[in-house]
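Undergrad: Take a look at this one; I'll ask things after.
The values are calculated or read from the model by the stated rules, or taken from the named source; none is laboratory data. This structure is a prediction, so every number in the text was calculated from the model and none was measured. Don't worry about glycine lacking a Cβ; one is built from the backbone with ideal geometry, like all the others, and counts go over all protein chains shown.
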Amino acid sequence: MIALSQGTRYESFMSPDDLVLVPLASGGLLVSPSRGRFMRMAPEQVPEVRAWLNGSGHIDSDLNHDIDANELLRPAKLITLGRPSVSLQLTNACNLACSYCYSDSGKLLPLELSAEQFEQIVVKIRQLLGANANVTLTGGEPLLVPWAIDVAEWVVQAGLRLTLLTNGTLIAEANRAKRLASLLRRGADIRVSISGTSPVACNAISRGERFERALAGIWALAEAGAAPAVDLVLFACDIESTLDHATKFANSLPPDIEVRVGFAHLGGRAQREHVFHSQLEQFTTLRRLGEAVGTELCITTRSPRLPRDGSACALGRRLHVRSDGALFTCHRMLGNAVGHVADSSFDELLCGTSIFAKPAHTLATCRDCPFVRLCAGGCRAENFINTADRDVPLCGPWRVQVLAELLAVGRTDALDWPVTHLVTEARRRGIEVPERLRMVLSPPLFEASSRQSLRHLPLARSTALVAGAILSACNAGPMREPTARAQASASAGDASVLGSTTNVNAPETGSQSNAPPKSSVPLVSSASPRKNAGTVRPNRWRTDTLTLGTPPARLDNGSWEE
């Protein structure tokens, strides 16, 4: 028994067999892999903790108390899974040919499902998942099928949560606007995507007449008494044009409409020039966008619920029904079907109890990792794109080390960063990354000839050709001590990956480190608007990949609600 300073008695801990001390550039990160909990250790605490872990020493009562407060040795808690989600691709046909389309849509697939078959699927979703399920209707362009709004109405009538994704070009035709407005008033979420803030840029990347027709559809819904959300997609290759025309774009929208800002991601036809290669680039772009439209974007980073055993798709909580009835665990993982709606196993797949649910501790690459219940195997779709195997992430000592550095300063959102962002951050911190991996994931490092030759291959194959050959090197080897450059970076003060763009407070030693940042962060100052800001309509701008508003709420079980 150990006496606490306030006079109470505190029971000594069990053997710390489950704990791992991950070295940092300054100090260490004490992690419980089985519990998905962690806390930062000051440099002067590291020798004491290391001796305790080796069984050759003890820790003082204050540190003992801090470890208990961070729940590193308490029984692991059950995690409440989020809502089950089913996405229905009504058709693969599209009236555009966007160069970044993740589903590679365009033409009808052979034997696409009928309206009656989708109606049966909606009925099954309601019967097996209840009103708790989210249903997303997508394409191609879903409104190309004449019965798309019928399916949407069936979803709402069944009491399910509906999201309809559309390019907006067909909304103004016939009586669609009135019917869609009625769905909006009944709680549906209709999202119209725009791939640029000017007709030239939007139509060029969409390879079709999109901009004016989408705006006409948005206005048709507004005039029918209900406005959709506008999804503005940002591309690294076209950001200057987006910023130059942002004010005019904002003024072309109905007043008070919600604009959700998101970023292109890899998959389908998307190439690496479409995506941002670091979090810093994304935050800087959002800051500049706020200046361009004369508003202040206040955000908090979206942090995952911790601990966790995998993403929703990895745990059988997400199912994508392609227009021909093929079933996938994710809408971005269209080369790895797990079944068909006609199979007898469809009900089992829908309920998420099938064998394709693979928590991280069952994966060979992840089971012995200290972050097995934090990183949890990463995004399975990104794994599939990078390695041609959803259960094999691009990982290694470099990834563990950069995640440890970011977790130590409270950046739990880094657990969901794309691999490209982690590689960029690792290099910024002086953490050694395998050379061939850097070349795969960092196109700016390529010689022009190398970049050109790789880009002409299909994305999943082109990445896997190089990445597949280096997995054994990336996933093997002991943890390395931080490099001299990393030590210098830490000693210079490294509160955040984002520099002056954000103000993330590093947690105090011994404080709860599994939490996201405590307050929203203004990205721009209203006192320094972009030159072309002018007067902008009071639309509501928010980020789709970064959550606007107040911090997440802490649940009773210690996890974090998004």
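Undergrad: Go through segment 42-57 and give me each residue that's more than 24 Å from residue 366 (Cα to Cα) and surrounded by 13 or more Cβ atoms within 10 Å (Cβ to Cβ). Walk me through how you get there before you give the answer.
TA: Of the residues in segment 42-57, the ones more than 24 Å from residue 366 (Cα to Cα) are 42-49, 51-52, 55-57.
Those that are more than 24 Å from residue 366 (Cα to Cα) and surrounded by 13 or more Cβ atoms within 10 Å (Cβ to Cβ): 42, 43, 45, 46, 48, 49, 51, 52.
Undergrad: Mind checking which pairs have a first residue in segment 144-157 that is in the same structural domain as residue 190 (by TED's automatic domain parsing) and a second that is aromatic (Phe, Trp, Tyr), Cβ under 6 Å, 6 or more apart or different chains?
TA: From residues that are in the same structural domain as residue 190 (by TED's automatic domain parsing), the pairs are 151/118.
Undergrad: Which of the residues belonging to segment 122-136 are among the β-branched types (Val, Ile, Thr) and out of contact with any Leu (no Cβ under 7 Å at 6 or more places or on another chain)?
TA: 122, 123
Undergrad: Identify, please: which residue in segment 7-54 is more than 17 Å from residue 371 (Cα to Cα) and aliphatic (A, V, I, L, M) and is, among those, modelled with the lowest pLDDT?
TA: Looking at the filtered set, the residue picked out is 14.
Undergrad: Having 1 or more residues that are hydroxyl-bearing (Ser, Thr, Tyr), in the same structural domain as residue 103 (by TED's automatic domain parsing) and surrounded by 18 or more Cβ atoms within 10 Å (Cβ to Cβ) is the bar; report the strands (runs of 3 or more DSSP E) wholly within segment 175-290 that clear it.
TA: Values: elements: 189-194, 229-234, 258-263.
Filter on segment 175-290 gives 189-194.
Undergrad: Among the residues in segment 50-70, are any closer than 30 Å to residue 209 by Cα and within 29 Å of the chain's Cα centre (by Cα)?
TA: no
Undergrad: Considering (1) touching a residue at least 24 places away in the same chain (Cβ under 8 Å); (2) of a type in the set (A, V, I, L, M, F, W, C); (3) in a loop (DSSP other than H, G, I, E, B), say which one residue 59 fails and leave the rest.
TA: So the condition that residue 59 fails would be (1).
Undergrad: Let me ask you something else. Report whether or not residue 348 is closer than 30 Å to residue 113 by Cβ, part of a helix (DSSP H, G or I) and within 18 Å of the chain's Cα centre (by Cα).
TA: In short, no.
Undergrad: Look through segment 74-118, keep the residues that are over 27 Å from the mean Cα position of the chain (by Cα) and closer than 20 Å to residue 166 by Cβ, and return whichever of them is surrounded by the fewest Cβ atoms within 10 Å (Cβ to Cβ).
TA: Step one: of segment 74-118, the residues over 27 Å from the mean Cα position of the chain (by Cα) are 74-75, 95, 107-118.
Those still in the list that are closer than 20 Å to residue 166 by Cβ too: 95, 107-109, 112-113, 115, 118.
Working: 95: 18, 107: 12, 108: 16, 109: 17, 112: 18, 113: 22, 115: 15, 118: 24.
Ranking the candidates gives 107 first.
Undergrad: Also, I was wondering about something else. Condition (residue is surrounded by 19 or more Cβ atoms within 10 Å (Cβ to Cβ), touching a Lys or Arg at 6+ places or on another chain (Cβ under 8 Å), small (Gly, Ala, Ser) and not in a helix (DSSP H, G or I)) applied to segment 139-149: is it met by at least one residue?
TA: no
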